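Okay, so here's the structure we're looking at.
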Amino acid sequence: MNHDVIVIGGGHAGIEASLAAARMGAKTLMITILAEQIGASSCNPAIGGLAKGHLVKEIDALGGEMGLCTDATGLQFRLLNSSKGPAVRGSRAQIDMDRYRIYMRDVCLNTPNLEVKQEIVERLIVEDGEVKGVETQLGNRYLAPKVIIASGTFLNGLIHIGQRTQQAGRQGEFASVSLAENLREMGFEIGRLKTGTCARIAGDSIDFSVMEEQPGDERPIPFSFRTDRENFNPEQMPCWVTYTTEETHRIIESNFHRAPLFSGQIEGVGPRYCPSIEDKIDRFRDRPRHQVFVEPQTREADEFYLNGLSTSLPTDVQEAMIRSISGLEKAKIVRWGYAIEYDFIQPTELYHTLESKKIRGLYWAGQVNGTTGYEEAAAQGLMAGINAVLALRGEEPLILGRDEAYIGVLIDDLVTKGTNEPYRMFTSRAEYRLLLREDNAHLRLAHYGVKLGLLPEKFGKKVAGTKAQIAEALEWLRSHYATPTKEFIAQLEAMGEQRINDKTAWIDLLARIAEPSREKLLELLPEFAKYPDEVIEQILVEAKYYRYIEKQQQQIDRMHEMHTVRIPEDFDYRKVQGLSNEIVEKLEKATPPTLFEASRISGITPAAIEILHVYIKMAQ
Ligand code: FAD
């Protein structure tokens with residue numbers, strides 16, 4: 001029964017961890033409570049969105065499965081913020097939650113080196129501070145030098161619907177109680193968080209005629225860089241928009257006393273930016289209405305999700321409030337909304353590899369680390385799987401920098417700052433947004449995926465070719481100039497663009513173009529027709545924002561340089577003005593040899609590093 005890696009959980013984190021480990025050649029065992037729930041959507045059947053789309057593209061660029069599965073099972077594809085700058089656009093897909101599960105289960109069952117078992121892990125086997133395996137409720141012992149915990153909301157999960165509570169990991173599934181106790185006994189810093197979901201209703205009871213239709217994009221863009229974009233034309237289903245009414249708000253308000261969220265029944269902290277409807281009515285009392293998105297869950301069964309109506313109110317209140325919404329007057333409720341409280345580990349207990357600082361060989365990934373969202377979970381799972389195998393081989397870990405990937409930002413935030421509320425990714429968390437775009441995720445990261453053996457060499461060569469063409473084109477644009485001849489000025493004016501008065505570098509000219517497009521570029525520079533669409537798209541973005549991109553790159557270079565600065569052994573942190581006592585104490589305790597090591601200490605901010613840098617330079 002010996003394996004190299006054991007993964008506890010078949011959720012979004014567990015899937016990516018298991019697939020990465022197995023594909024890298026490690027003999028891997030995924031243990032999960034219900035095999036048919038591998039890849040289940042506990043909540044909204046949707047993948048991506050603002051900043052989350054970035055994560056999916058990065059997972060894909062490293063050789064993960066989420067993007068491919070989304071392309072294969074999506075019901076609707078949209079590019080959010082498409083009118084805004086490329087840094088903040090986000091791809092989102094409504095997925096068929098049934099097909100998504102089947103696809104993922106099938107991939108897991110058919111991946112060489114990966115074995116799947118439906119059992120419940122009750123405790124870890126640990127000897128001398130090192131994990132050795134796990135023991136399940138059937139008394140089976142499975143041994144492996146690396147174990148990844150990806151148990152989601154299941155540790156001590158407690159569901160709330162009105163005053164009724166029930167132990168469960170998710171509606172209808174066992175909670176993971178023994179494992180939770182075992183982890184507490186081991187002394188991990190465990191906290192409680194809360195999340196919630198809405199009711200699901202039967203499609204034949206909805207009056208769509210009074211709702212706004214929200215179709216998918218006419219030219220949908222796939223998530224995966226490996227999906228054939230030219231021929232990507234999935235059959236799409238519409239979503240629908242309706243609104244809460246004064247009556248909805250009255251029903252909810254008059255039942256606040258029955259809401260577990262307000263009665264003190266729920267202790268865990270919930271996601272601030274994804275509040276329940278009762279929370280929204282309480283916090284935004286002046287808002288006359290709230291949007292509700294009515295979204296299909298699956299192609300085969302006519303069941304809909306009410307995005308925006310997450311609730312843990314009692315069932316009679318849920319029914320009354322849903323039926324007070326335009327188009328839902330006759331709604332038949334299939335599943336009730338609920339809140340769930342669960343245990344999570346404070347992620348400052350982990351290294352950047354997601355390995356526990358307490359127990360060697362033990363990794364943690366996903367919602368159990370205090371995050372929320374499928375994408376955040378999958379990203380961590382992938383990194384935990386990769387690093388577990390690299391450690392097995394005695395190789396250097398893969399730690400992505402904040403300047404390389406949103407995944408780097410996510411993990412760095414978690415392990416250095418910790419979290420007291422469910423952490424989700426936002427574009428504002430990334431300092432170098434213009435460099436970390438969705439559209440260039442494969443250009444940034446695919447070389448890692450290829451090196452790890454998670455992506456084919458052929459794909460790596462294709463990406464390298466694209467990068468070379470982009471670099472060549474940008475170099476040409478920097479070193480060649482447009483001359484303001486009469487004909488050229490007339491051409492610019494005919495295109496509705498500003499004239500130039502002096503010789504202007506082509507890159508500056510492109511940066512001034514109001515709405516850069518392939519057509520405009522080729523009109524000005526027909527010789528660029530030799531480049532494929534993907535290269536042209538990158539040229540347009542890189543040229544438009546090149547000054548800002550260069551500035552961000554300089555900041556990154558400065559940061560890298562700063563990180564190599566040595567801190568003298570006798571350095572007196574107490575003499576540095578502007579550092580809080582807490583930071584001084586942490587630095588005195590850790591005595592980091594360089595600014596880089598200092599920056600990795602939990603709670604040491606980039607501003608503190610800047611101040612230290614100035615003082616060290618002054619002392620030299
Ligand atoms: P999960 O997908 O929860 O998977 C956990 C896996 O671990 C399961 O396969 C389970 O069987 C397995 N497992 C657990 N314990 C054991 C054990 N002892 N032995 C074997 N297997 C075990 N996210 C949002 O972004 N927005 C939301 O609004 C939102 N609402 C949510 C509402 C609810 C009610 C729930 C339950 C989740 C919600 N989520 C939401 C979170 C989203 O579902 C998770 O972020 C995501 O599924 C986490 O993935 P994961 O892989 O970490 O865990």
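Quick check, is Ala35 under 16 Å from Ala378 (Cα atoms) and touching a residue at least 12 places away in the same chain (Cβ under 8 Å)? Spelling it out, it is not the case that Ala35 is under 16 Å from Ala378 (Cα atoms) and touching a residue at least 12 places away in the same chain (Cβ under 8 Å).
Restricted to segment 262-278, and to residues there that are buried (at least 21 other Cβ atoms within 10 Å of the Cβ) and within 14 Å of the ligand (Cβ to nearest atom), the residue that is farthest from Met211 (Cα to Cα) is Ile266. The single condition among (1) among the hydrophobic types (A, V, I, L, M, F, W, C); (2) more than 22 Å from Val241 (Cα to Cα); (3) out of contact with any helix residue (DSSP H, G or I) (no Cβ under 6 Å at 6 or more places or on another chain) that Phe284 does not meet is (2). Just a yes or no: is a residue in segment 187-202 away from the ligand (no atom under 14 Å from the Cβ) and closer than 25 Å to Val292 by Cα? Yes - at least one qualifying residue is present in segment 187-202.
Scanning segment 113-124 for residues that are hydrophobic (A, V, I, L, M, F, W, C) and within 17 Å of Leu392 (Cβ to Cβ) returns a single hit, Leu114. Considering segment 424-471, and only residues there that are of a type in the set (Asp, Glu) and out of contact with any Pro (no Cβ under 7 Å at 6 or more places or on another chain), the residue that is nearest to Pro112 (Cα to Cα) turns out to be Glu457. Annotation note: of Val535, Val576, Val565, the sole residue that is more than 30 Å from Ala619 (Cβ to Cβ) and among the hydrophobic types (A, V, I, L, M, F, W, C) is Val535.
On the given criteria, is Ala93 in contact (Cβ under 8 Å) with a residue 24 or more places away in the chain and either acidic (Asp, Glu) or within 11 Å of the ligand (Cβ to nearest atom) (or both)?
no
What's the total number of residues in segment 300-342 that are in a loop (DSSP other than H, G, I, E, B), under 27 Å from Leu193 (Cβ atoms) and away from the ligand (no atom under 16 Å from the Cβ)? Matching residues across segment 300-342 total 1.
Of the residues making up segment 329-363, those that are of a type in the set (A, V, I, L, M, F, W, C) and closer than 22 Å to Glu396 by Cβ are Leu350, Leu354, Ile359, Leu362. Take Leu109 and tell me if it is in contact (Cβ under 8 Å) with a residue 24 or more places away in the chain, more than 12 Å from the ligand (Cβ to nearest atom) and surrounded by fewer than 18 Cβ atoms within 10 Å (Cβ to Cβ). It is false that Leu109 is in contact (Cβ under 8 Å) with a residue 24 or more places away in the chain, more than 12 Å from the ligand (Cβ to nearest atom) and surrounded by fewer than 18 Cβ atoms within 10 Å (Cβ to Cβ).
For segment 272-289, the count of residues that are in a strand (DSSP E or B) and either of a type outside the set (A, V, I, L, M, F, W, C) or modelled with pLDDT of 95 or more (or both) is zero.
How about segment 134-159: which of its residues are within 12 Å of the ligand (Cβ to nearest atom) and at positive phi? Across segment 134-159, the qualifying residues are Gly152, Asn156.
Filtering segment 574-620 down to residues that are in contact with an Asp or Glu (Cβ under 9 Å, 6 or more places away or on another chain) and closer than 18 Å to His560 by Cβ, which residue is modelled with the highest pLDDT? My answer is Pro593.
For every residue, the table says whether it meets (1) in contact with a Gly (Cβ under 6 Å, 6 or more places away or on another chain); (2) more than 24 Å from Pro45 (Cα to Cα); (3) of a type in the set (D, E, K, R).
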{"position": "Ser312", "(1), (2), (3)": "yes, no, no"}
{"position": "Asp316", "(1), (2), (3)": "no, yes, yes"}
{"position": "Met321", "(1), (2), (3)": "no, no, no"}
{"position": "Ala365", "(1), (2), (3)": "yes, no, no"}
{"position": "Glu375", "(1), (2), (3)": "no, no, yes"}
{"position": "Ala384", "(1), (2), (3)": "no, yes, no"}
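Listed by position, the strands (runs of 3 or more DSSP E) enclosed by segment 117-235 that each have at least 1 residues that are β-branched (Val, Ile, Thr) and in contact (Cβ under 8 Å) with a residue 40 or more places away in the chain are 121-127, 130-136, 146-149, 158-161, 164-167, 190-197, 200-202.
Report yes if some residue within segment 57-66 is on the phi > 0 side of the Ramachandran plot and more than 13 Å from the ligand (Cβ to nearest atom); otherwise report no. Yes - at least one qualifying residue is present in segment 57-66.
This table checks each residue for (1) over 30 Å from Glu130 (Cα atoms); (2) away from the ligand (no atom under 16 Å from the Cβ); (3) modelled with pLDDT of 95 or more.
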| position | (1), (2), (3) |
| --- | --- |
| Ile161 | yes, no, yes |
| Gly172 | yes, no, no |
| Ser209 | yes, yes, yes |
| Asp217 | yes, yes, yes |
| Thr227 | yes, yes, yes |
| Thr242 | yes, yes, yes |
| His257 | yes, yes, no |
| Pro260 | yes, no, no |
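When Leu392, Leu362, Leu414 are screened for being surrounded by 22 or more Cβ atoms within 10 Å (Cβ to Cβ) and over 29 Å from Pro86 (Cα atoms), only Leu362 passes.
Among the hydroxyl-bearing types (Ser, Thr, Tyr) and surrounded by fewer than 17 Cβ atoms within 10 Å (Cβ to Cβ): is that true of Ser254 in this structure? Taking the combined requirement at face value, the residue satisfies it. Only a single item in (1) surrounded by fewer than 17 Cβ atoms within 10 Å (Cβ to Cβ); (2) out of contact with any Phe, Trp or Tyr (no Cβ under 7 Å at 6 or more places or on another chain) is not met by Val535, and it is number (1).
Looking at Gln37, Gln76, which is the one that is touching a strand residue (DSSP E or B) at 6+ places or on another chain (Cβ under 8 Å), polar (S, T, N, Q) and more than 13 Å from the ligand (Cβ to nearest atom)? Only one candidate qualifies: Gln76.
For segment 183-213, filtering for residues that are loosely packed, with under 13 Cβ neighbours inside 10 Å and either among the hydroxyl-bearing types (Ser, Thr, Tyr) or touching a helix residue (DSSP H, G or I) at 6+ places or on another chain (Cβ under 7 Å) (or both) leaves 1. Against the definition (in contact (Cβ under 8 Å) with a residue 40 or more places away in the chain, of a type in the set (A, V, I, L, M, F, W, C) and part of a helix (DSSP H, G or I)), how does Ile609 come out, yes or no? Yes: the conditions hold for Ile609.
The conditions of being charged (D, E, K, R) and farther than 22 Å from Ile281 by Cα are met by Arg219. Of all residues in segment 339-359, those being buried (at least 22 other Cβ atoms within 10 Å of the Cβ) and among the small types (Gly, Ala, Ser) number 1.
If the condition is being within 14 Å of the ligand (Cβ to nearest atom) and in contact with a strand residue (DSSP E or B) (Cβ under 7 Å, 6 or more places away or on another chain), then segment 5-18 contributes Ile6, Val7, Ile8, Gly9, Gly10, Gly14, Ala17, Ser18. Each residue in segment 347-382 was checked for being part of a helix (DSSP H, G or I) and either more than 13 Å from the ligand (Cβ to nearest atom) or free of Cβ contacts under 8 Å to residues at least 24 places away in the same chain (or both), and 2 pass.
The values are calculated or read from the model by the stated rules, or taken from the named source; none is laboratory data. Everything numeric in this text was worked out from a predicted model, so none of it was measured. When we count neighbours, we look across all protein chains shown, and the Cβ atoms used for this are built from the backbone with ideal geometry, even at glycine.
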